[in-house]
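The values are calculated or read from the model by the stated rules, or taken from the named source; none is laboratory data. Predicted model only: the values in this text are computed from it and were never measured. Positions of Cβ are backbone-derived with ideal geometry, glycine not excepted, and every protein chain shown enters the neighbour counts.
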Amino acid sequence: MSLYSYLLISIIIFTIGVYGIITQRSGIKILMCIELLLNSANLNLVAFSSYNGNATGQIFAIFSIAIAAAEAAIGFAILVALFRLRDTINLDNINILRW
Amino acid sequence: MNFTLLLPEILLTILAFVIILMGLLISDKSKNMFGYLSAAGLLASLVYVLGNGMTGKTSFFYDSLIIDPLSQVFKLIFVIVSLIAVIASIEYFKNNRNQDEYYALLLLSTVGMMVVASANDLIALFVGFELASMSTYVLAGFEKKNPASLEAALKYFIIGSISSALMLFGMSLIYGITGSTNIPAIIEFFRITHLSAESSIGILAMIFLVAGFGFKMALVPFHMWAPDTYEGSPSVVSALLAAGSKKMGFVAAFRILILALVAIRVDIQYTFAILAIITMTYGNVVAISQRSIKRMLAYSSIAQAGYISLAFVVMTQMSVAGGVLLALGHALMKGGAFIAVAVVSYMVLNDNKNAKNTDDLGNFAGLGKRAPITALSLFIFFLALAGIPPSAGFVGKFILFYSITVEAVSQASSWLLIIVIIAILNSALSIYYYARVIRYMYVLPPNGERIKEPVPYVIAILLAVIGTIGIGLYPEPFIQMAINAAQALGV
């Protein structure tokens, strides 16, 4: 497969992620969409790494995968704490702070 | 390699882990000592940063970290802000049984910001950004029985992680174009290949990076999280976020955007000019209608981000120096102002344990009589934020606006002059909402007795006051520092 096909897939995944973040209201689904965004960037990095012929991109991807895992853990921790307090993770109901 | 230049980061990292480990071993009652321990560590780092690396360039770890005047100025900002936040936290989180985690996270977020300040490689930049962001997500939600604090954390987390994903995507595109993650190598590539405005992928990468950094800087289309997060978080954490974490976006933007934009010669000044003007006007106009002082400070800090990003419009040495100085001044003024709000919350909670909206404007009535030190300091911070001399805010704004005027005259361009005039009118507008709080503090009658202000708060506030006034009265060394930083950047 050429570089273009990988970039195309990555852009499609990125778009799905952005679409999900805009339309979904559940905290968990938004977290999943953020993972899609990060992974589309990882796919980009690995594809470019193979195309450019150096390994930096793959190292970068490993770093970002590790960081994404930590980020997801923190996100779920915040959602759990919020669910214990408010019994909801629907973002429409989380509206104490406003204008 | 001379690792001693990295001692502040090493010290703070070790201290964070030591605090976590000791927190497991000692009893809840003796956890109050961690605040003093962190303050001592930050003080040592502050002294070390002030004394070392202010000239010259040293790079570490295969050129992925760099110590130069720019990194040192921003490290100074981050360490001072953390120091102020830690000193205030000694009182704010007194007798909290999770103090060990709080201080460890605060120190780690400081380390993350310092890594961003000296990052010379996209990987180091990304890792530093995430370290600082993730620690602050948790800090924002640290009062986990308080719905507002958790909501602030959730909003900050969602928008922050979207912004880091956008940034990572932009970085992946830049890596794809240039085949390297080293920042000087990237800029050299842009310069040699004359990648110009026609290259759509380069523009796309820049847009993603501007969006990613813009979220951290809270420029206007990307500012939605800032007022909610600053209002909901504990006041000491708001101080850290508004004064420290925001500057992280600026130092990253200084390092990458300015150089890359100069190299690819895109006419992106117009983009930044529009962003800056919208940001400062929106921040100032919305701040007028706020009753919550923390929210008002959040909008005013959005406006200040607008002023600082004027440095990206002309990109001369003088304007970058002005941007750096204003960033330093803003860190001190805004950090101190949030701590002063924490004192008011403490006062209100002392009167009534179940008080809601402790930062409401009404609670500031007669503050000049109830808490004179806090009121006087808040008065000074507000005047400094509005840019009245002699203060750090004035020096920064003066140099920034002056540099743009000089550039406008030398290029004979009227649009630069219009930008300066809008910026000055904005400063005038901001005096309105600061003066309203000052009227509440000094003209209206107090609704309670005089209180004894807790010593840690007073020390933290006085530290910020001394910095604000000191830079205003004796600006030469700081201006020199900022000019050195701009020279190190090579604009």
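How many residues are surrounded by fewer than 20 Cβ atoms within 10 Å (Cβ to Cβ) and either over 19 Å from B:Leu43 (Cα atoms) or of a type in the set (D, E, K, R) (or both) if we restrict to the range B:461-479?
From the range B:461-479, those surrounded by fewer than 20 Cβ atoms within 10 Å (Cβ to Cβ) are B:462-463, B:466, B:469-470, B:473-474, B:476-477, B:479; that's our starting set.
Checking the rest, the ones that are also either over 19 Å from B:Leu43 (Cα atoms) or of a type in the set (D, E, K, R) (or both) come to B:469, B:473-474, B:476-477, B:479.
The qualifying residues number 6.
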| query | Looking only at the range A:20-47, which residues are without any contact (Cβ under 8 Å) to a residue 12 or more places away in the chain and in a helix (DSSP H, G or I)? | reply | A:Ile22, A:Thr23, A:Lys29
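Every residue, every condition in (1) under 15 Å from B:Gly160 (Cβ atoms); (2) modelled with pLDDT of 90 or more; (3) in contact with a Gly (Cβ under 9 Å, 6 or more places away or on another chain), yes or no:
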site	(1), (2), (3)
A:Ile21	yes, yes, no
A:Gly27	yes, no, yes
A:Met32	no, yes, yes
A:Leu36	no, yes, yes
A:Leu43	no, yes, no
A:Ala47	no, yes, yes
A:Gly53	no, no, yes
A:Ala69	no, yes, no
| Meets criteria (within 9 Å of chain A (Cβ to nearest Cβ) and over 27 Å from B:Val465 (Cα atoms)) for B:Ile123 | yes
| remark: Residue set A:Phe60, A:Phe76; condition more than 8 Å from every other protein chain (Cβ to nearest Cβ) and modelled with pLDDT of 90 or more; output residue A:Phe76
| query | With (1) among the aliphatic types (A, V, I, L, M); (2) at the interface with chain B (Cβ under 8 Å from one of its Cβ atoms); (3) crowded, with 18+ Cβ neighbours inside 10 Å; (4) out of contact with any Ser or Thr (no Cβ under 6 Å at 6 or more places or on another chain) as the list, and A:Ile34 as the residue in question, which single condition is left unmet? | reply | (4)
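From B:Val443, B:Val458, which residue is surrounded by 15 or more Cβ atoms within 10 Å (Cβ to Cβ) and of a type outside the set (Ser, Thr, Tyr)?
After applying the criteria, what remains is B:Val458.
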| said: Of everything in the range B:202-244, what is among the β-branched types (Val, Ile, Thr) and within 18 Å of B:Val138 (Cα to Cα)? Give them in sequence order. | reply: B:Thr229, B:Val236, B:Val237
| field | Elements of type helices (runs of 4 or more DSSP H) contained in the range B:161-232, each with 1 or more residues being within 13 Å of chain A (Cβ to nearest Cβ), surrounded by fewer than 20 Cβ atoms within 10 Å (Cβ to Cβ) and within 27 Å of the chain's Cα centre (by Cα) | value | B:200-217
| query | Within the group A:Ile78, A:Ile65, A:Ile94, which residue is touching a residue at least 12 places away in the same chain (Cβ under 8 Å), surrounded by 16 or more Cβ atoms within 10 Å (Cβ to Cβ) and either out of contact with any Phe, Trp or Tyr (no Cβ under 6 Å at 6 or more places or on another chain) or not small (Gly, Ala, Ser) (or both)? | reply | A:Ile94
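Scan the range B:136-153 for residues that are within 11 Å of B:Leu108 (Cβ to Cβ) and within 9 Å of chain A (Cβ to nearest Cβ) and report the count.
Here the count works out to 1.
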| Tally, over the range A:81-94, of residues that are more than 10 Å from chain B (Cβ to nearest Cβ) and either among the β-branched types (Val, Ile, Thr) or within 14 Å of the chain's Cα centre (by Cα) (or both) | 1
| message | Being closer than 20 Å to B:Gly51 by Cβ and not small (Gly, Ala, Ser) is the filter here; which residues of the range B:450-474 pass it? | response | B:Leu463, B:Ile466, B:Ile471, B:Tyr474
| said: Would you confirm whether or not the range B:32-39 contains a residue that is under 26 Å from the mean Cα position of the chain (by Cα), assigned to a loop (DSSP other than H, G, I, E, B) and not hydroxyl-bearing (Ser, Thr, Tyr)? | reply: no
| Top-ranked residue of the range A:1-18 - restricted to ones that are among the aromatic types (Phe, Trp, Tyr) and touching a residue at least 12 places away in the same chain (Cβ under 8 Å), ranked as farthest from the other protein chains (Cβ to nearest Cβ) | A:Tyr6
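Scan the range B:365-417 for residues that are of a type in the set (Val, Ile, Thr) and either in a helix (DSSP H, G or I) or surrounded by 24 or more Cβ atoms within 10 Å (Cβ to Cβ) (or both) and jot them down.
B:Ile373, B:Thr374, B:Ile380, B:Val395, B:Ile399, B:Ile404, B:Thr405, B:Val406, B:Val409, listed by residue number.
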| said: With the structure loaded, tell me whether B:Ile308 is modelled with pLDDT of 85 or more and closer than 21 Å to B:Tyr457 by Cα or whether it fails that test. | reply: no
